[in-house]
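FYI, it's all coordinate maths here, none of it is from the lab. In this text the structure is predicted, and so the values were computed from the model without any measurement. Methodologically, a virtual Cβ is constructed for each residue, glycine included, from the backbone with ideal geometry; neighbour enumeration extends over all protein chains shown.
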Amino acid sequence: MTISIERARELLPPELSQTTDEEIQRMLNYVYFVLDFAWNWQEKHPWETFPKRERKIQDPESVFNKERHISNRMPLKATLDQKIKWHIEHIAHCKCRPIPEGIKQEIQKRLG
Ligand SMILES: [Zn+2]
């Protein structure tokens, strides 16, 4: 994806109308660099976007539902209720790791 200097100029706010073509090109090069870097990083290190413990997964290809993980992250400071809910929904859609023992025990306790 590239964009022309003319198009980039149209997108600039009015207060930057004095920006030279050379400056616009430098900005565009920077944007391309960042996009390229982000894209390659994601390709080479898909695990980096997930918590470290996810790397214990044995056979990610067959059991890992990436879409599921991207759209359903565990809240940062999850309450026990939120963790239980997350793990139950997770195991229904993705088999990358089992429900942790502690959570399992808590579920069993609540089920009586
Ligand atoms: Zn999973």
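A few remarks follow.
- Extended-chain gain in nm, criterion 0.36 nm per residue less alpha-carbon gap, residue 103 and residue 65: 11.6 nm
- For the peptides 77-86, 7-16, the ranking by mean Cβ contacts within 10 Å, running from highest to lowest, is 77-86, 7-16.
- Report note on the peptides 65-74, 87-96: ranked by the mean count of other C-beta atoms within 10 Å, highest first, their order is 87-96, 65-74.
- Total lysine pairs in region 64-112 at Cα distances under 20 Å, for residues eight or more apart or on different chains: 12.
- Summing Lys and Arg as +1 and Asp and Glu as -1 over all other residues whose Cβ lies under 14 Å from the Cβ of residue 28 gives a net charge of -3.
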